[in-house]
Amino acid sequence: MNKLRTVDLTFGAVFVCLMAIGANITVWFPMLAVPIGGATVPISLQTFFAILAGLMLGKKLGSISMLTYILVGMAGVPVFANFSAGPMAIVSPTGGFILSFIFIAFFVGWISEASKKPSVPIYTIAALVGLIMNYSIGVSYMYLAMNTWLSLDISYSVAWVSMIPFIVKDTVLACLAAVFMVTLSKRVPMKWTAQRAKI
């Protein structure tokens with residue numbers, strides 16, 4: 001990886017902040033927290049921001065910003081849902097969704113970097129791949145957590161069915177992220193876009 005520029009660090013820090021904001025929408029709007037199988041799963045904008053991080057920052061810087069977000073939270077800064085912090089957030093049923101943000105940013109960035117020109121179809125495909133990564137890891141981890149250390153009897157299919165409202169919401173947001181990024185790329189200097197793939 002080449003030496004990170006000030007603008008790279010700035011954009012990375014911005015996405016760490018956006019992830020913290022996106023995680024805590026339910027603090028101001030508690031009705032967006034949905035109880036599922038004995039656990040409460042909050043509706044958030046984190047998947048949207050993780051996808052946008054991959055599209056905007058690229059696979060390396062995007063995944064690093066997501067890793068930084070997770071490490072900051074595990075270190076004790078209240079950036080996770082409901083302003084929680086610490087390693088226990090990773091052990092919780094939604095811990096898999098938190099870990100998946102790294103993979104979302106990496107694979108979304110990888111696909112978008114392969115495109116020589118900003119394109120809504122390519123960015124949409126990248127965003128949907130990120131969404132698949134998010135729920136594949138998150139739901140599998142949630143199923144494992146509920147059936148092992150939480151001792152809750154829930155089938156894998158029920159775990160997936162319970163996620164349908166969230167999947168619909170995040171699919172719409174993923175498509176919006178793709179459109180937003182194409183629009184943004186037309187306004188941001190091409191120097192930034194060109195440097196992104198070289199980080």
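The values are calculated or read from the model by the stated rules, or taken from the named source; none is laboratory data. Just so it is clear, the structure is predicted and the values come from calculations on it, not from any experiment. As a convention, Cβ positions derive from the backbone with ideal geometry for all residues, glycine included, and neighbour counts pool all protein chains shown.
Per-structure values
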{"quantity": "Considering residues of the range 1-44 that are assigned to a helix (DSSP H, G or I) and exposed (fewer than 12 other Cβ atoms within 10 Å of the Cβ) only, the residue modelled with the lowest pLDDT", "calculated": "M31"}
{"quantity": "Members of the range 81-100 found to be in a helix (DSSP H, G or I) and touching a helix residue (DSSP H, G or I) at 6+ places or on another chain (Cβ under 7 Å), listed by number", "calculated": "A81, N82, F83, A89, I90, G95, G96, F97, I98, L99, S100"}
{"quantity": "Those residues of the range 64-81 which are surrounded by 15 or more Cβ atoms within 10 Å (Cβ to Cβ) and farther than 20 Å from Y141 by Cα, in sequence order", "calculated": "I64, S65, T68, V72, V77, P78, V79"}
{"quantity": "Members of the range 59-108 that are among the β-branched types (V, I, T) and within 17 Å of G22 (Cβ to Cβ)", "calculated": "T68, I70, V72, V77, V79, T94, I98, I102, I104, V108"}
{"quantity": "Residue selected from the range 107-124 under the condition within 23 Å of V168 (Cα to Cα) and surrounded by fewer than 17 Cβ atoms within 10 Å (Cβ to Cβ), by the criterion modelled with the lowest pLDDT", "calculated": "S119"}
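One line per residue, one yes/no per condition, for (1) under 30 Å from S115 (Cβ atoms); (2) surrounded by fewer than 18 Cβ atoms within 10 Å (Cβ to Cβ); (3) modelled with pLDDT under 90:
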site: L144; (1), (2), (3): no, yes, no
site: V172; (1), (2), (3): yes, yes, no
site: A178; (1), (2), (3): yes, no, no
site: P189; (1), (2), (3): yes, yes, yes
site: T193; (1), (2), (3): yes, yes, yes
site: I199; (1), (2), (3): yes, no, yes
